[in-house]
Amino acid sequence: MTTGLFGGAFDPPHLGHVAVAQAAKRTFGLPRLVVLVAAAPGHKDVEAPAEARLELARAAFPDEDVRLDPHPRTIDLLRAEPFDDPLFVVGADQFCDFLTWKEPEAVLELTRLAVATRPGFPRARLDPVLAALQRPARVLFFDVDPNPAASRDIRGIAAAGGPLDGLVPAPVALLIEERGLYRGD
């Protein structure tokens, strides 16, 4: 049985994240999706503490197995935790940086990648990465509808006290408001 893995900082999780997760489950017939909230992402800074981001992710993905990932790099997670036939879901932007990940070839030994592409995303950015891999057949592409949400923009709107309607799931917006997250105070 294939286990879908969907990792990220989720600072905060938005409707684009939810759309990618749903499309991956539908496209690959995934019975199970594990949402992995990076406790201390090795690739980016985060504003909200790990426990707050975990709570937000649980609100965004109420029907999934959402847990904190203590490993700063994907390869460390895959070596530490055995998953049944893992399929690691990433966005096209993340795949463009895949060769800079820690031990990308070892990642592909331990999991297949499911790369979400959106209409208009330039294939010319993906092909060089795919061509550089020893196991390109372990990379699968699937389509998602475009979504304008970006965590950075959402944090800015939240800091200004603006509405998050149409950007994050309603339970996430409520938690951000109740907890005063991203307000900078």
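The values are calculated or read from the model by the stated rules, or taken from the named source; none is laboratory data. Given the structure is predicted, the values throughout are model-derived calculations rather than measurements. Cβ coordinates were reconstructed from backbone atoms using ideal geometry, including for glycine residues, and neighbour counts include every protein chain displayed.
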Name the helices (runs of 4 or more DSSP H) wholly inside segment 111-185 in which the number of residues that are aliphatic (A, V, I, L, M), touching a helix residue (DSSP H, G or I) at 6+ places or on another chain (Cβ under 9 Å) and under 26 Å from Phe95 (Cβ atoms) is 2 or more. 123-132
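Going by the conditions given, is Leu87 within 23 Å of Asp145 (Cβ to Cβ), in contact with a helix residue (DSSP H, G or I) (Cβ under 7 Å, 6 or more places away or on another chain) and not β-branched (Val, Ile, Thr)?
Working: within 23 Å of Asp145 (Cβ to Cβ): yes; in contact with a helix residue (DSSP H, G or I) (Cβ under 7 Å, 6 or more places away or on another chain): yes; not β-branched (Val, Ile, Thr): yes.
Judged against the criteria, Leu87 is a match.
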Of all residues in segment 135-182, how many are surrounded by fewer than 14 Cβ atoms within 10 Å (Cβ to Cβ) and farther than 18 Å from Arg58 by Cβ? 18
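Specify which of the listed residues (Leu5, Leu68) is under 25 Å from Leu175 (Cα atoms), crowded, with 18+ Cβ neighbours inside 10 Å and in contact (Cβ under 8 Å) with a residue 12 or more places away in the chain.
Leu5
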Restricting to segment 103-123, name every residue that is surrounded by fewer than 16 Cβ atoms within 10 Å (Cβ to Cβ) and modelled with pLDDT of 95 or more. Glu103, Glu105, Ala106, Glu109
Mind counting the residues in segment 73-96 that are touching a residue at least 40 places away in the same chain (Cβ under 8 Å) and touching a His at 6+ places or on another chain (Cβ under 8 Å)? 1
